[in-house]
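In what follows, a structure is listed as structure tokens, so that the remarks can point back to it.
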Amino acid sequence: MTPSVGIAFAAGLLSFLSPCTLPLIPSYVGFLTGLSADELEVRRGTALLHALAFVAGFSAVFIALGASASALGVLLLHWQVWIGRIGGVVVILFGLYLLRVIQPAFLTRERRLQLANKPLGYLGSAFVGVTFGAAWTPCIGPILGAILTLAAAQASVGHGAALLTAYSIGLAVPFLLTALALDRFLAWFQRFRPYLVWVERIAGILLILLGLLLLTDRFTLLASWLQGLTPAFLKSRL
């Protein structure tokens with residue numbers, strides 16, 4: 001696994017833990033399934049299938065965005081150094097936004113698609129996933145934007161799609177686990193709630209560091225350094 005893929009996976013986890021996403025996860029699970037918390041404990045299989053459909057919906061959107069960003073980068077191959085530098089500045093701005101240093105109006109406006117009725121079966125859950133992937137900002141916007149910027153700096157469309165696949169997996173795994181064990185999630189969330197603000201702060205700091213690496217063209221040096229730390233038996237399996 002390359003460092004950029006690992007970063008994308010971690011970004012997905014941070015998106016799940018963001019203060020305006022995490023508290024709404026139980027509501028999403030209940031909305032998708034139409035079941036109460038007690039019913040979800042009995043019908044875990046139904047909850048998992050709806051969650052899988054939801055995950056497939058938003059993953060399709062994110063992967064398509066990643067492939068498109070990389071395709072643009074490939075078209076502008078001769079300018080990729082500058083794409084990385086400009087992208088680094090953009091990622092730093094995203095980090096500053098998460099740290100509340102800057103608050104541009106276009107990021108602070110909500111763009112949620114409100115759905116009054118419950119979805120129709122698993123296709124409905126997939127449709128809700130698509131709308132989540134296309135419209136859920138600013139909750140995941142800065143982190144997702146940083147990964148898309150990283151994808152645009154790649155020289156391969158496949159690599160860009162891989163980055164957003166890793167991002168989607170990072171966001172999907174905890175959601176699926178929540179659907180399977182909602183009662184445990186609710187108990188854990190009550191303990192974790194006081195630390196939500198630190199998730200955004202840590203994400204902001206990490207985005208600024210990533211932006212600096214892109215801006216100074218040091219990201220490849222980071223990749224080389226991490227590969228040097230990888231044990232030989234793991235390299236032989238990659």
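Rounded to the nearest 0.05, what FRET efficiency do residue 131 and residue 86 give with R0 = 25 Å and r taken as the Cβ-Cβ distance? Could you check? The computed FRET efficiency comes out at 0.25.
As a proxy for reagent exposure, 195, 97, 122 were ordered by neighbouring Cβ count within 10 angstrom, fewest first; the result is 195, 122, 97.
Just so you know, all these numbers are worked out from the coordinates, no wet-lab data involved. Please read all numbers here as calculations on a predicted model, not as lab measurements. When we count neighbours, we look across all protein chains shown, and the Cβ atoms used for this are built from the backbone with ideal geometry, even at glycine.
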